Every structure is written in structure tokens, then in C-alpha cells.
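Trainee: Attaching a single structure in C-alpha cells format; questions to follow.
The values are calculated or read from the model by the stated rules, or taken from the named source; none is laboratory data. It should be emphasised that the depicted structure is a prediction, and the values quoted were computed from it without experimental measurement. Cβ: placed from backbone, ideal geometry, glycine included. Neighbour counts: every protein chain shown.
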């Protein structure tokens, strides 16, 4: 790539037939400076892009040569990479499916349990919670009865031999 010689900035127009206000003159100079800075930055970026494009072209050429020398190896690498990617995707999908199933189960349980409990209550069927409460009350009453009427020991019968 051949570069064109850089243009020189236009000389300040001192010999204009009219007077330019100082603010406009300063603004024009500032704009010219900024345009010059952008031009310099554009050249730097263009040089970097050119370098990267050349490097990419070299890499493509080398890859093409490698494929041409051993196409079977290239295909095996592509297949191996694809299998690895498929395994990763399969694991991700499986994990996500498990998470969704757990979420659905939680939501269904949150809706069904209260409805079921309400239906059982309307049919006068005790729930597990009701049964546990009743068992606790019966155990407490049993202890109180044992305290009021302790069991009397029975006399042992002696065995006669």
C-alpha cells in the first residue's frame, strides 16, 4: 500500500478583504486542529487494521495449507469439537430442564395443597396437621391421668416348685 503525501494545512487567511471576528477565527483554528487530530487518529487506526488483516490472511493461508495436507485430521478435529459442544449443550439443557421441573412442581404444590386441604376440611376429614395436634393432646392427657392415678404395683405370685 503506497501512501499519498500528506496535505498541508491551509495557511491562515490574513489578507481577506473583510475582518473576521476573533471568536470565529479561534473557532476555525480549533476546528482545524480537531480535524487534524482526527486525521492522525484515522491513519493510526488504518495502520492497525491493515496489520490485523494481513495477520488474519496469513493465518487463513496457513490453516488452508494444514487442511490441504491432512484433511482427515481436520475433519476429525471438527467432529471432536462438535461432540464436545453437544455434550456441553446436553448438560446445560438437562440442568435447565431439572430447574424448570422443580419450579413447576413447587408451583403446582403451592396451588394444589391448599385446595386439597380445603376440600378435606369441607368433608370433615382431618389433615395430617390435625392428626398430629390430636396425638399431642392425647399424649398430654395420658400423662396427666398417669399423674392423678399412678398404677399400683401388682403383687408377684411366687412360683412353688
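Trainee: Here is a check on your reading of the model: is residue 114 out of contact with any strand residue (DSSP E or B) (no Cβ under 6 Å at 6 or more places or on another chain) and surrounded by 10 or more Cβ atoms within 10 Å (Cβ to Cβ)?
Mentor: yes
To keep it simple, each residue is scored yes or no on (1) under 30 Å from residue 63 (Cα atoms); (2) in contact with a helix residue (DSSP H, G or I) (Cβ under 8 Å, 6 or more places away or on another chain); (3) at pLDDT below 85.
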residue	(1), (2), (3)
85	yes, no, no
120	no, no, yes
135	no, no, no
161	no, no, yes
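Trainee: Do we have residue 129 as modelled with pLDDT of 90 or more, out of contact with any strand residue (DSSP E or B) (no Cβ under 8 Å at 6 or more places or on another chain) and surrounded by fewer than 10 Cβ atoms within 10 Å (Cβ to Cβ) here?
Mentor: no
Trainee: Quick one: what pairs do we get from segment 125-140, first residue under 14 Å from residue 113 (Cα atoms), second surrounded by 10 or more Cβ atoms within 10 Å (Cβ to Cβ) and at pLDDT below 85, C-beta under 6 Å, 6+ apart or different chains?
Mentor: Pairs that qualify, where the first residue is under 14 Å from residue 113 (Cα atoms) and the partner is surrounded by 10 or more Cβ atoms within 10 Å (Cβ to Cβ) and at pLDDT below 85, are 127/117; 127/120.
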